[in-house]
Amino acid sequence: MRSTALASQLLARKSIDKLIRDSEEPGHRLRKTLGPWSLTALGIGAVIGSGIFTVIGTAISGEKFPDPSIRNTPLIHYILTHTELAGRPGAGPAIALSLILVAIVCALTGLCYAELASMIPIAGSAYTYTYATMGELIAWIIGWDLILEYAGSNMTVSVGFAAHVVDLLDWFGLHPSPIWISPAYLPEGLQDLGGNWLYHPGWHFGFNIPAFLVVLVLTVILVRGIRESASTNNTMVGLKLIAILIFAFAVIGFIHPGNWHPFMPNGWSGVLTGGSIIFFTYIGFDSVSTAAEECRNPQRDLPIGIIATLAVCTVLYVAVAVCLTGLVPWHSMVGDAAPVVNALRKLSILPGGHPLHWIRLVVLFGAIMGMLSSILVYQLGQSRVWFSMSRDGLLPKVFSNVHPVFRTPAFSTWVAGIVVAIPSGLFDIGTLADLSNIGTLFAFVLVSVGVIILRYREPERRRGFRVPGGPIIPVLSVVFCFLLMAGLPIITWFRFIIWLGIGLFIYFLYSRHRSEFAKPR
């Protein structure tokens, strides 16, 4: 009897109508202030900002380790060849193909997100969608997964932001002590431009103050309210896009077509791995859907915001990638956390390259604005997921308390800020970028499956947007997501499984006993 009751709770689904009614309770109601332009700006702010300025270098050049290891070998490579690699192959100039592959996956999944978001305009994104389609247990798993996804992304972007702040100070001739601008843990060590060791691999005394402070400052902005956050973000996105366009047009005369040969130095394996590395930067349209409850007209605005975000960002990614691989050899970006500005730095000291010295300043400013907007949106998404899980009883109720003046989930926003800020100052979060990737793709899979389930269970429910082609697009989305997940290292799969195991332990120990579906004792 007890096992039957447990199974019933694990599979219990929230009524979509009840989800919408709960969100309208006065004590848990969020202000509805966002329109399609603000949603698109939020999405662009998340997508363009980290990958295009930082992780894209790793995607192009790959990763190099001292010795071959099964831990660092992409899963699909090991399955097909049963051999270990000393790192991951980069896409080289074929990064443009990687970006197109990622854009296809995101377009397929984005359409699925748009349909569910137009049906279920509630804060929480994939967590809320799975609660309404696949039951409480799967909803907990995806909510726990989203916490990892947003936190890992934000830590990575925060460290990238700090690296660009240091580069900006270098432009002005200022050189702070490495103790206060580098993480305490450096798995690959830290060298200067001459190849001299500043810190050997491992722990050292230090703290990344810029990474720590930027998270706390933006947390204050988010606590004050979504209107102020959206306005701040819109300004940063505009400046960032201008900087990207200036870079693309300014460097045309410095491109060497010879750098594009060979176009695919590591074959399709490199193309797939390159796409897997930068995939986490596309969680912007997921962040758009987390703000569904704060939209004025979610049935109309959410599909517009998601699809417009995807179209704009893909064009910009490909343009920057083509220019970057034409400026410098593809293999020169190994371990480079700021490949775009460092490419400009190298070329600016060559004969005739002085104009790039000023272009570098513009791009630095744009990159910093881009990362600020990314952190803003990731923190927004993370706090809203905690808010939704708390409202459902899966996390303590304090996480769903709304500030009496600002009408924002202040407690969950502050906790999210502290949880991200401290590790950002301590660690070089390279591995968390991969964890964010696998978490994002896993969420995409469940959202795509959710579309198929709701088409079967509730075919008559009104949909502000419907995915064309029946089940074909959701099925293709699932297949492509698993393909990109297979391009991630084996160690990432193990870490992800461990993280989910911790989440299940918390669920069975705490959350299921306090869920609204829990049976009274």
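The values are calculated or read from the model by the stated rules, or taken from the named source; none is laboratory data. No experiment lies behind these values; they were computed from the predicted model shown. Positions of Cβ are generated from backbone atoms using ideal geometry, with glycine treated the same way; all protein chains shown enter the neighbour counts.
One table, with the values for the structure above:
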{"quantity": "Scope the stretch 340-360; condition touching a residue at least 40 places away in the same chain (Cβ under 8 Å), under 25 Å from Ser153 (Cα atoms) and of a type in the set (A, V, I, L, M, F, W, C); matching residues", "calculated": "Val340, Val341"}
{"quantity": "Residues of the stretch 53-97 classified as in a helix (DSSP H, G or I) and touching a Gly at 6+ places or on another chain (Cβ under 7 Å), total", "calculated": "9"}
{"quantity": "Selection from the stretch 391-418 of residues that are β-branched (Val, Ile, Thr) and in a helix (DSSP H, G or I)", "calculated": "Val398, Thr413, Val415, Ile418"}
{"quantity": "Residue in the stretch 374-381 that is touching a residue at least 40 places away in the same chain (Cβ under 8 Å), touching a Pro at 6+ places or on another chain (Cβ under 6 Å), under 27 Å from Ile44 (Cα atoms) and not aromatic (Phe, Trp, Tyr) present", "calculated": "no"}
{"quantity": "The stretch 390-411 residues that are within 29 Å of Leu137 (Cβ to Cβ) and modelled with pLDDT of 80 or more, paired with ones that are among the acidic types (Asp, Glu) and loosely packed, with under 15 Cβ neighbours inside 10 Å (beta carbon under 6 Å, 6 or more apart)", "calculated": "Gly393/Glu516"}
{"quantity": "Flag for Asp434 being at pLDDT 80 or above, closer than 30 Å to Lys64 by Cβ and touching a strand residue (DSSP E or B) at 6+ places or on another chain (Cβ under 9 Å)", "calculated": "yes"}
{"quantity": "From the options Ser373, Ser436, Ser424, residue that is within 22 Å of Thr128 (Cβ to Cβ) and either in contact with a Lys or Arg (Cβ under 9 Å, 6 or more places away or on another chain) or of a type in the set (S, T, N, Q) (or both)", "calculated": "Ser436"}
{"quantity": "Positions within the stretch 410-460 being polar (S, T, N, Q) and touching a Pro at 6+ places or on another chain (Cβ under 6 Å), in sequence order", "calculated": "Ser448"}
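A quick yes/no check of all residues on (1) over 23 Å from Thr156 (Cα atoms); (2) within 20 Å of the chain's Cα centre (by Cα); (3) buried (at least 23 other Cβ atoms within 10 Å of the Cβ):
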| position | (1), (2), (3) |
| --- | --- |
| Gly57 | no, yes, yes |
| Ser61 | no, no, yes |
| His77 | yes, no, no |
| His82 | yes, no, no |
| Ile104 | yes, yes, no |
